[in-house]
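Asks: Could you have a look at this structure, given as structure tokens, before my questions?
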Amino acid sequence: MEMRLKGGGNAGSTCLPAESVFGPICALIQDDRVVLSSRDSEWWIGLRVENLAWTDRVDALHPVVLRPLAVDSEHNLLLHAMDAAGVSGQWHETIRTAAVQPHVVINELMANPAGPEPEQEWVELFNDGQSGVQLEGWILEDSGGETRLPECLLGPGQYALVTNEAYDPASWVDRPPSPEAVIVRVPKLGTGGLSNNGEPLRLRTKDGKTVSTVPSIPSPKQSTSIARISPDALDTIPGSFLNSADGGTPGAPNTL
């Protein structure tokens, strides 16, 4: 049963086509997660999904990701929400999560390494999902062209470092990649290398579907990477990307 806020408060007019209306907020239902967002006002929410509970703020720049949820399953959600004026309400919904989907993100990139460019540049991919993903035929695209990836099976929770063929993981001036990371060498990374001044970068499947993007963010100094604050941070939120610690963290969790 759904209860509407006094005076309105339904998010239907602001939700995207792929989203569902959940009281005053929008819900993007995926396989192992639900992304909650609000584009027109700020809400404080308390949410319970079976034995899991969250309390957080939701607004245009601060979506909330609920995870982990069982895939391809029904879940009962109980939402309490209150806006800045103290108007509150409660909603109950039953949702069904999707079958397992690939969740590969551009997690970090080094456009301005301490070593030579473009040889020591890299783009880090992370499999944030529950199943392995074959990257063969996937495309990294910058403002000037495409880089098609070779065969690489990226397991759940695994990192891949996409590099030029001349990349030296043992360079004495650049931080070495994690031993667990998969190094994926390509003839050319970006159009003549990654731009230090920042340029948009996106990852597409071999079918052309965009699955991850990074906005244009300049590298402020040498040996500083652009890093996602967490693997599930949304591409569309400016605060999802920050500068990393010196040297970055190639093939490992980001340090900001």
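The values are calculated or read from the model by the stated rules, or taken from the named source; none is laboratory data. Note that the structure is a prediction, hence the values are computed from the model and not measured. Positions of Cβ are backbone-derived with ideal geometry, glycine not excepted, and every protein chain shown enters the neighbour counts.
Asks: Does Ala99 qualify as being over 17 Å from the mean Cα position of the chain (by Cα), farther than 12 Å from Leu189 by Cβ and not acidic (Asp, Glu)?
Replies: Values: over 17 Å from the mean Cα position of the chain (by Cα): yes; farther than 12 Å from Leu189 by Cβ: yes; not acidic (Asp, Glu): yes.
For Ala99, the condition - over 17 Å from the mean Cα position of the chain (by Cα), farther than 12 Å from Leu189 by Cβ and not acidic (Asp, Glu) - is met.
Asks: Something else about it: When you scan region 219-251, how many residues do you find that are surrounded by 15 or more Cβ atoms within 10 Å (Cβ to Cβ) and of a type in the set (D, E, K, R)?
Replies: The qualifying residues number 3.
Asks: OK, next. Among the strands (runs of 3 or more DSSP E) lying completely within region 91-173, list those that include at least 1 residues that are among the small types (Gly, Ala, Ser) and not assigned by TED's automatic domain parsing to the domain that holds Gly46.
Replies: By residue number, 145-148, 159-164.
Asks: For Glu42, work out the one condition from (1) among the acidic types (Asp, Glu); (2) without any contact (Cβ under 8 Å) to a residue 40 or more places away in the chain; (3) more than 28 Å from Gly132 (Cβ to Cβ) it doesn't fulfil.
Replies: Going through (1) among the acidic types (Asp, Glu); (2) without any contact (Cβ under 8 Å) to a residue 40 or more places away in the chain; (3) more than 28 Å from Gly132 (Cβ to Cβ) one by one, Glu42 breaks only (2).
Asks: Please go through region 43-60 and pick out each residue that is in a loop (DSSP other than H, G, I, E, B) and surrounded by 14 or more Cβ atoms within 10 Å (Cβ to Cβ).
Replies: Ala60
Asks: How about region 179-195: which of its residues are over 11 Å from Ala111 (Cα atoms) and polar (S, T, N, Q)?
Replies: Answer for region 179-195, where residues must be over 11 Å from Ala111 (Cα atoms) and polar (S, T, N, Q): just Thr191.
Asks: Does region 66-75 contain any residue that is surrounded by fewer than 16 Cβ atoms within 10 Å (Cβ to Cβ) and aliphatic (A, V, I, L, M)?
Replies: Within region 66-75, one or more residues are surrounded by fewer than 16 Cβ atoms within 10 Å (Cβ to Cβ) and aliphatic (A, V, I, L, M).
Asks: Same structure again: Looking at region 24-41 only, could you name the residues that are touching a strand residue (DSSP E or B) at 6+ places or on another chain (Cβ under 7 Å) and charged (D, E, K, R)?
Replies: Arg33
Asks: Tell me the residue from Ser230, Ser244 that is of a type in the set (S, T, N, Q) and in a strand (DSSP E or B), please.
Replies: Ser244
Asks: Out of all the residues in region 152-170, is one or more of a type outside the set (Lys, Arg), at pLDDT 95 or above and touching a Cys at 6+ places or on another chain (Cβ under 8 Å)?
Replies: yes
Asks: Name the residue, out of Asn112, Asn107, that is within 19 Å of the chain's Cα centre (by Cα) and closer than 26 Å to Glu141 by Cβ. Working first, answer last.
Replies: Working: Asn112 fails: within 19 Å of the chain's Cα centre (by Cα).
Residue meeting the stated conditions: Asn107.
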